[in-house]
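The values are calculated or read from the model by the stated rules, or taken from the named source; none is laboratory data. Note that the structure is predicted; figures quoted are calculated from it, not measured. Backbone-built Cβ (ideal geometry, glycine too); neighbour counts: all protein chains shown.
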Amino acid sequence: MSDQQPVALITGAGSGIGRATALALLKTGYAVVLAGRREEQLNSTVEAAGELAANALAVVTDIRKPESVEALFAATRQRFGRLDILFNNAGTGAPPVPLEDVSFAQWQATVETNLTGAFLCTQQAFKIMKNQQPMGGRIINNGSISAHAPRPNSAPYTSTKHAMTGLTKSTSLDGRRYNIACGQIDIGNAATEMAAPMQRGVPQANGDIAAEAVMDVEHVAQAVVQMASLPLESNIQFMTIMATKMPFIGRG
């Protein structure tokens, strides 16, 4: 990492894990680029930064579109001159319906956001990181517990999160020559708007409906900060952070 103020870019920064991580990195001393499709949500994240808002840049972005991603990274380079951290965080899921009832449009939307979007951002990050001085940087991918085990009726989401692990490994390998490190954080039941149904009750593998334990999203943000703060000679390849009592380890 350079002696300058480090620069991080976060996709899906308008809410949930993205917002919490953006605020945590700002407090740690980073300049942060906030990417997302909803301008109002991005601006709310900037406002939440308070006196640190001057170190934040909100860029409305649709990561499913190559030209939008290119514009995002061009704006980053123009404003800050470099990029040290990319957090591929943005994600979406299809409705929880039986596999055979998932529409092609639902499948495609999930793949485009969760996998194609992360790939497009990784490409652009490489182009900046390998050409800056000092060369290099770090990419952190939001994998999910679903990168290890599915929930019922989650084929599109689970497929993309398993694929994210492949992207993480390929990025780690292909980034070596450029001093680009890549790791993946697999998150289970952070208390965000997306996880709200889990506290009310969600389907389990045996067909039961059960409420699940959740954890403070701030713990996730601090875990990402830990990964981001390592020198480039070290890398957390995979980290799993989850609500201790969620039904992941064991047989339910």
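Select, from Ala125, Ala105, Ala118, Ala163, the only residue that is assigned to a helix (DSSP H, G or I) and free of Cβ contacts under 8 Å to residues at least 40 places away in the same chain. Lay out the reasoning, then the answer.
Values: Ala125 fails: free of Cβ contacts under 8 Å to residues at least 40 places away in the same chain; Ala118 fails: free of Cβ contacts under 8 Å to residues at least 40 places away in the same chain; Ala163 fails: free of Cβ contacts under 8 Å to residues at least 40 places away in the same chain.
The unique qualifying residue is Ala105.
Search the stretch 3-43 for residues being more than 17 Å from Val225 (Cβ to Cβ) and surrounded by fewer than 15 Cβ atoms within 10 Å (Cβ to Cβ), and hand back the single one that is nearest to the chain's Cα centre (by Cα).
For the stretch 3-43, the residue satisfying everything is Arg38.
Given (1) of a type in the set (Asp, Glu); (2) within 20 Å of the chain's Cα centre (by Cα); (3) within 27 Å of Gln123 (Cα to Cα), identify the lone condition not met by Glu233.
So the condition that Glu233 fails would be (2).
With the structure loaded, tell me whether Leu120 is touching a helix residue (DSSP H, G or I) at 6+ places or on another chain (Cβ under 7 Å), under 20 Å from Leu232 (Cα atoms), crowded, with 18+ Cβ neighbours inside 10 Å and not small (Gly, Ala, Ser) or whether it fails that test. Step through it out loud before you land on a result.
Details: touching a helix residue (DSSP H, G or I) at 6+ places or on another chain (Cβ under 7 Å): yes; under 20 Å from Leu232 (Cα atoms): no; crowded, with 18+ Cβ neighbours inside 10 Å: yes; not small (Gly, Ala, Ser): yes.
For Leu120, the condition - touching a helix residue (DSSP H, G or I) at 6+ places or on another chain (Cβ under 7 Å), under 20 Å from Leu232 (Cα atoms), crowded, with 18+ Cβ neighbours inside 10 Å and not small (Gly, Ala, Ser) - is not met.
Considering Ala94, Ala109, which residue is hydrophobic (A, V, I, L, M, F, W, C) and either under 14 Å from the mean Cα position of the chain (by Cα) or at pLDDT 95 or above (or both)? Spell out the reasoning first.
Working: Ala94 fails: either under 14 Å from the mean Cα position of the chain (by Cα) or at pLDDT 95 or above (or both).
None of the other options fit; the residue is Ala109.
Of the residues Leu34, Leu25, Leu52, which is outside any helix (DSSP H, G or I) and not aromatic (Phe, Trp, Tyr)? Walk me through how you get there before you give the answer.
Working: Leu25 fails: outside any helix (DSSP H, G or I); Leu52 fails: outside any helix (DSSP H, G or I).
Testing whether each residue is outside any helix (DSSP H, G or I) and not aromatic (Phe, Trp, Tyr) leaves just Leu34.
Name the residue that is farthest from the chain's Cα centre (by Cα), counting only residues in the stretch 179-224 that are under 18 Å from Pro247 (Cα atoms) and charged (D, E, K, R).
Filtering first and then ranking leaves Asp208.
Residues checked against (1) surrounded by 15 or more Cβ atoms within 10 Å (Cβ to Cβ); (2) at pLDDT below 95; (3) in a loop (DSSP other than H, G, I, E, B):
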{"position": "Glu212", "(1), (2), (3)": "yes, yes, yes"}
{"position": "Ala221", "(1), (2), (3)": "yes, no, no"}
{"position": "Met227", "(1), (2), (3)": "yes, no, no"}
{"position": "Leu232", "(1), (2), (3)": "yes, no, yes"}
{"position": "Met239", "(1), (2), (3)": "yes, no, no"}
{"position": "Met246", "(1), (2), (3)": "yes, yes, yes"}
{"position": "Arg251", "(1), (2), (3)": "no, yes, yes"}
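Do we have any residue at all in the stretch 179-190 that's surrounded by 15 or more Cβ atoms within 10 Å (Cβ to Cβ), part of a helix (DSSP H, G or I) and modelled with pLDDT of 95 or more? Don't jump to the end; show me each part of the working.
So in the stretch 179-190, the residues surrounded by 15 or more Cβ atoms within 10 Å (Cβ to Cβ) come out as 179-190.
When the remaining residues are screened for being part of a helix (DSSP H, G or I), the result is none.
Scanning the stretch 179-190 turns up no residue that is surrounded by 15 or more Cβ atoms within 10 Å (Cβ to Cβ), part of a helix (DSSP H, G or I) and modelled with pLDDT of 95 or more.
Hey, could you check the stretch 55-70 for residues that are in a helix (DSSP H, G or I) and charged (D, E, K, R) and say which is surrounded by the fewest Cβ atoms within 10 Å (Cβ to Cβ)? Can you show your working first?
Our first condition is that a residue be in a helix (DSSP H, G or I); within the stretch 55-70, this holds for 55, 66-70.
Keeping just the survivors that are charged (D, E, K, R) gives 67, 70.
Working: Glu67: 9, Glu70: 15.
Checking each candidate, the answer is Glu67.
Which ones in the stretch 196-252 are of a type outside the set (A, V, I, L, M, F, W, C) and closer than 30 Å to Lys130 by Cβ?
Applying the first criterion (of a type outside the set (A, V, I, L, M, F, W, C)) to the stretch 196-252 yields 197, 199-201, 203-204, 206-208, 212, 216, 218-219, 222, 226, 229, 231, 233-235, 237, 240, 244-245, 247, 250-252.
Residues satisfying the conditions are Gln222, Gln226, Ser229, Pro231, Glu233, Ser234, Asn235, Gln237, Thr240.
Within the stretch 79-102, restricting attention to residues that are assigned to a loop (DSSP other than H, G, I, E, B) and among the charged types (D, E, K, R), which residue is surrounded by the fewest Cβ atoms within 10 Å (Cβ to Cβ)? Working first, answer last.
Narrowing the stretch 79-102 to residues assigned to a loop (DSSP other than H, G, I, E, B): 81-84, 89-98, 102.
Going one step further and asking which of them are among the charged types (D, E, K, R), we end up with 82, 84.
Values: Arg82: 20, Asp84: 25.
Ranking the qualifying residues of the stretch 79-102, first place goes to Arg82.
Starting from the stretch 45-60, take each residue that is within 13 Å of Ala13 (Cβ to Cβ) and without any contact (Cβ under 8 Å) to a residue 60 or more places away in the chain and list its partners that are in a helix (DSSP H, G or I) and among the charged types (D, E, K, R), counting only C-beta distances under 6 angstrom and pairs at least six apart or across chains.
Filtered contacts from the stretch 45-60: Thr45/Arg19; Leu57/Arg79; Val60/Glu39.
So which of Asn153, Asn141, Asn131 is under 23 Å from Leu230 (Cβ atoms), free of Cβ contacts under 8 Å to residues at least 60 places away in the same chain and part of a loop (DSSP other than H, G, I, E, B)? Can you show your working first?
On the way: Asn153 fails: under 23 Å from Leu230 (Cβ atoms); Asn141 fails: part of a loop (DSSP other than H, G, I, E, B).
Going through Asn153, Asn141, Asn131 in turn, just one is under 23 Å from Leu230 (Cβ atoms), free of Cβ contacts under 8 Å to residues at least 60 places away in the same chain and part of a loop (DSSP other than H, G, I, E, B): Asn131.
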